[in-house]
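The values are calculated or read from the model by the stated rules, or taken from the named source; none is laboratory data. Here the structure is a predicted model, which means the values were calculated and not measured. Ideal geometry is used to build each Cβ from the backbone, glycine not excepted, and the neighbour counts take in all protein chains shown. In case anyone asks, the SASA skips ligands and DNA or RNA and just uses the protein heavy atoms, side chains included. Shrake-Rupley method; radii C 1.70, N 1.55, O 1.52, S 1.80 Å.
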Amino acid sequence: MDVVRRVRAMKEACAAARAEGKTVGFVPTMGALHDGHLSLVRRVRAQADLTVVSIFVNPTQFGSSEDFARYPRDLVHDADVLAREGVDILFAPEADEMYPPGEATFVEVAGLSDKLEGRSRPGHFRGVATVVTKLFEIVAPHVAAFGQKDAQQVLIIKTLARDLMMDVEVLVLPTKREEDGLAMSSRNVLLTPDERRAARAIPRALEAVRTALEAGEREPGKLLAAGKAILVEAPLLRIDYVELVDPDKLDPVAKVQGAMLLVVAVFAGSTRLIDNVVLRS
Ligand code: PAF
């Protein structure tokens, strides 16, 4: 596996592969890799001739009071894991390579970016959309994969790829879960043992809403109450939001019908965790 640190070198490697008629598959990450990331890598590898993974802890998607400094980083371990997965190129740029001095251009997906995560983390999706646009421009992948755990992020990335007329197929793969149901996330390693135990309440809350729906409950407020009751009881968890939203627009549903996205964001201590499931009535 080649490790590339420079934008220019990365562009050249991908352009050369394309010129040889190879397809390029891409998995953008912020590192601290877990099995969720590896499922994306395997899926892309099965489809593309050249597999590129990026590791870049993107400063512009963290607010000033957020966990940029403590976000887990272990490039040596991650590189080893990716090499064993058969990844061809690891792109691991420094921040000034991705954001050279004088940088003045940002990408903003209007409408979707201010809801849910965007409401709690102003500017977060501007940072995500900007860095993903840059990464897509550098790698120019035929296919790129993301996890459903970040449902709002994938919706925003699909929208920007469509609106900016990018020739990239955006794949969304199912959330990988630990044995007790907790969604895999790089941030899980930041949890203390007590917070980790408390975090089990998140998948249980999602399940409680599903069970209430299957039992015939049709009032969004009552469905959400079934999930919130479980989160409120869990020690060390603080709810940011629990909402039932339209999966395309992310607006709260007024009526239970068709496909709905149940989204949860909580703090376990100072660590923010999100999860979601698609429900169908
Ligand atoms: O999901 C992530 O790891 C990041 O938000 C992404 C897509 C790599 C952009 O920094």
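Projected onto the charge dipole of the chain (+1 at Lys/Arg Cβ, -1 at Asp/Glu Cβ, origin at the Cα centre), which of L50, G269, P203 gives the Cα projection farthest towards the positive end?
Among L50, G269, P203, the one farthest towards the positive end of the dipole of the chain is P203.
Heavy atoms only, 1.4 Å probe, whole protein assembly: order E214, E66, E179, E117 by accessible area, highest first.
E179, E214, E66, E117
How much area per residue is accessible in the chain when the probe is 1.4 Å and only protein heavy atoms are counted (Å²)?
Per-residue value: 47 Å².
Explain nothing, just the number: dipole magnitude of the chain about its Cα centre with +1 on each Lys and Arg Cβ and -1 on each Asp and Glu Cβ, in debye rounded to the nearest 20. Walk me through the numbers on the way to the answer.
Numbers: 36 positive and 40 negative charges, 79 e Å.
Dipole about the Cα centre, nearest 20: 380 debye.
Counting only protein heavy atoms and using a 1.4 Å probe, what share of the accessible area of the chain belongs to carbon plus sulfur, as a whole percent? All intermediate terms of the calculation are to be shown ahead of the outcome.
Working: 6710 of 13220 Å².
On the chain, the fraction of accessible area on carbon and sulfur atoms equals 51 percent.
Would you mind checking K149/K228; K228/K255; K158/K222; K158/K228; K22/K176; K11/K149 for any pair whose Cα atoms are more than 25 angstrom apart?
Pairs exceeding the cut-off: K158/K222; K158/K228; K22/K176; K11/K149.
Provide the solvent-accessible area of M1, counting protein heavy atoms only and rolling a 1.4 Å probe, rounded to the nearest 10 Å².
80
Can you send over the solvent-accessible area of R18, 1.4 Å probe, protein chains only, in Å² to the nearest 10?
Surface open to solvent at R18 totals about 90 Å².
If you add up the charges near E97, with Lys and Arg at +1 and Asp and Glu at -1, over every other residue whose beta carbon is less than 14 angstrom from its beta carbon, what do you get?
Net of charged neighbours comes to +1.
With the dipole of the stretch 2-173 worked out from charges on the C-beta (+1 for Lys and Arg, -1 for Asp and Glu) around the Cα centre, which of I156, L135, A15 lies farthest toward the positive end?
It is I156, whose Cα lies furthest towards the positive end.
Let's see if you can work this out: charge +1 on each Lys and Arg Cβ, -1 on each Asp and Glu Cβ, no other charges. What is the dipole magnitude of the stretch 186-276 about its Cα centre, in debye to the nearest 20?
It comes to approximately 220 debye.
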